[in-house]
Amino acid sequence: MQKKFILEVFKKASLCRHFENEVFKRIKSDKIKFPVYLSAGQEYVPASIAQIIKEKKIKPLLFGQHRGHSIYLSFGGDVIKLINELKGKKSGCTYGMGGSLSIHSPKINMYGHDGFMGSNACIGAGACFSSKKPTIIFIGDAAIEEDYVLATLSWVSKKKLPILFVVEDNNYAVLTKKDERRDWKAKDVAKAFRVDSFDVKDDPKLIYKLLKKNIFKKPMLINIHTNRLFWHSGAGVDTQKVFDRHLMLKKIIGKKANIIDQNIKNKINNLWQKN
Amino acid sequence: MAKELRETIKEITTYHLKKKKSQVFGQNLTGVGWVAGTLPKLYEKDGVIELPMADVAGGGIVTGSGLVNRRPIYIIRYQGYNWFNCTFIVNYACKSKEIWKIPCPIFIRGISSEGNIGPVSGSSHISIIYKMPGIKIYSPMSNNEYKKVYKKFIKNTDVFYISEHRKSYSNKKEFKNKVKKNMDIILMPISITRFSAEKAKKILESKGLKVGIIHLVDLKPFRIESSWIKAIKTSKYGVLMTDNDYADGILRVLAHKLNEKTNKKINVLGLDDKTAGHHSSVDNLPPDEKKIIKNVFKIIKN
């Protein structure tokens, strides 16, 4: 069971990784000239959650932020439409209006983001409250510092809404480290608001263990430690080497993973060439 | 017997909750006064939702409700709170239809009030959101005007900002425009200044002046009717527009739009460019009939 789960997560993550690598190349070569927010390195967060949701046959409302490519792809957003969006075409997933940071997809219930960090917390909470549908809100370790995000945590706890807050914690707000900004943990603050909260690595097995039984029963926050491979915006790589879960899992799964990864890489490359 | 505007608002709200299965959001709704008697005595089970005291988050929660098409009513008790309450309204709800083709209809009731209320809560503050695309702004002061705006909202999918005024809630009368050619001057009042403008008109007429009056309810989009243009063009001294927002805001924007169409001088009279204090000696009140009359004579003299 768990092997199958890991393999499915790996496939989703591989799709996200190679998609972002293709975007990276195009920013480097100046083919994409507007601000782009790459999520390579963080893909195991949405990939793991999307696979759990798939197995549970739930279709929640999704509220991501500006760094949403991997959320979109993991939950089944149309790849070609995202390519077209990044090429500024009207056939793009957000009709050429969204660029990289405001992507959306009615097909997967993914709502777009307006660029205000953490706005999706309040908006997602309101959508959940008024529709009574299970909802996932993805924010970063910076957005959780926004006062209105903290106020929202308090309110959803009071209303006992079926919401999962996912904090993608890469330790940085652009380039400012967490310990330079605050002395508290997201998990502790959420707990103070009586929201069930957890602090884990972006290991699919750990995420599975935490969410499989408890998701959407009551408000929950999961702070997931992850690493982003590229800069905050655009195409750049720091000299400091960061842990790469995708490479690690590829090694662990072995030959099968290499074949899957290569096939997905070729497929994504072809889609970018053709569209 | 004609009813007070507060009763009409209460009836519309009840209809919106019961028939449209919608929700009303706001802070301190179910407390003393029930929003100056404009809210039916209903609770969360009926759709009247108390928001947290976090103003910015509250506007976001309402935006989420609009996004899933519940068509919520959002009550902002003092328009001065627009600075906090409308952040996500203007940046998300108002843009949603255009960016994502997902409408986010919200009926915002922003309440203004004046007199001994101090530097924060008083007056209208619609100028700060007026420039944003995707918002529609109305300022009904009578029963029929309010009903008309609500009907428009039900047929529409945009964000509606209803600029109300506490002092209008006891109003039972309807307003009538006087749009005629060859007037000496035409008054174009907004919000609570409409009551003062009516009084000023009568006094000015008793002094022998020919005074037209055009009550402004639909502020954005601002449609200028051809009969208005004809009347303004043939007027002797142009127009005096009045409002209870600062003059350097929506008033000058609308005045400029009128000036472009008529090439006549459009004068404005709003709040003074100063902070209101609590005491009456340092307050900043909207123009009353005396101030309007004084300004009309100043315009004639110049």
Hey, got a sec? Which trypsin sites (Lys or Arg not before Pro) in the range B:9-48 land in a DSSP loop and have at most 15 other Cβ atoms within 10 Å?
-> B:K19, B:K20, B:K21, B:K41
With labels modelled as points extended 7 Å from the Cα through the Cβ direction, what inter-label distance (nm, one decimal) is found for A:K160 paired with B:K202?
-> 5.8 nm
Reciprocal of mean inverse Cα separation for the protein assembly as shown (Kirkwood radius, Å) | 26.2 Å
Helix-only CD estimate at 222 nm, as mean residue ellipticity for chain B, using -39500 (n - 2.57) per DSSP H run (n ≥ 4) = -10000 deg cm²/dmol
Dimensionless Rg/Rh of chain A, both radii on Cα and Rh by Kirkwood, sits at 0.94
Relative contact order as a percentage, chain B, C-alpha pairs under 8 Å and 6+ apart, gives 16 percent
Would you mind putting A:136-142, B:84-90 in packing order, based on average other-beta-carbon counts within 10 Å, highest first?
-> A:136-142, B:84-90
Summing -39500 (n - 2.57) over every DSSP H run of at least 4 in chain A, dividing by its residue total and rounding to the nearest 500, the 222 nm mean residue ellipticity is -14500 deg cm²/dmol
Extreme residue, positive dipole direction of the range B:108-216, given options B:G134, B:I186, B:V159 (C-beta unit charges) | B:I186
Report the charge-dipole magnitude of the protein assembly as shown in Debye, nearest 20, computed about the Cα centre from +1 at each Lys and Arg Cβ and -1 at each Asp and Glu Cβ.
-> 2160 debye
Alpha-carbon spread of the range A:197-252, three principal axes, descending order, Å = 42, 29, 15
In peptide A:116-122, how many Cβ atoms from other protein chains are near each Cβ within 10 Å, on average?
-> 6
Tensor-based shape of the range B:33-126 (alpha-carbon gyration tensor, a/c under 1.5 rounded, otherwise prolate or oblate) | oblate
Tally the DSSP beta bridges in the protein assembly as shown and give the antiparallel ones as a percent, rounded to 5.
-> 10 percent
Row for the range B:185-301, column shape: gyration tensor on C-alpha, a ≥ b ≥ c, rounded if a/c < 1.5 i.e. under 1.5, prolate if a/b over b/c, else oblate; value oblate
Averaged over residues of A:84-95, the number of beta carbons from other chains lying within 10 Å of each residue's Cβ is 1
Taking square-rooted eigenvalues a ≥ b ≥ c of the alpha carbon gyration tensor, is the range B:5-168 rounded, prolate or oblate, where a/c under 1.5 means rounded and, failing that, a/b exceeding b/c means prolate?
-> rounded
Ratio of Rg to Rh for chain B, alpha carbon only, Kirkwood?
-> 0.98
Overall Cα dimensions of the range B:88-159, principal axis frame, Å, largest first | 44, 29, 15
Filtered hits (aspartates and glutamates, Cα-Cα < 17 Å from A:K3, offset >= 8 within chain) -> A:E55, A:D202, A:D203, A:D261
Angle between chain B longest axis and helix B:289-301 axis [Cα atoms, degrees, rounded to 10] = 40 degrees
Only helices at least 27 Å long along their axis, Cα-based, and averaging -1.0 or more on Kyte-Doolittle count here, so list those DSSP H runs from chain A.
-> A:2-28
1/(1 + (r/R0)^6) with r = Cβ-Cβ of A:N270 and A:V242, R0 = 25 Å, i.e. FRET efficiency to nearest 0.05, evaluates to 0.30
Within chain A, what percent of beta bridges assigned by DSSP are antiparallel, to the nearest 5?
-> 10 percent
For the range A:146-270, whose charge dipole is built from +1 on Lys and Arg Cβ atoms and -1 on Asp and Glu Cβ atoms, the candidate among A:T176, A:I253, A:P219 with its Cα farthest towards the positive end is A:I253
Number of partner chain Cβ atoms within 10 Å, mean per residue of B:96-106 | 4
Relative contact order (%) - criterion: Cα under 8 Å, at least six apart; region: chain A = 22 percent
Spin-label model distance (nm) - A:D147 vs B:D273, 7 Å beyond Cα toward Cβ = 2.9 nm
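Every number here is computed from the coordinates shown, using simple stated rules; none is lab data. Being a predicted model, the structure only gives us computed values, none of them experimental. Ideal geometry is used to build each Cβ from the backbone, glycine not excepted, and the neighbour counts take in all protein chains shown.
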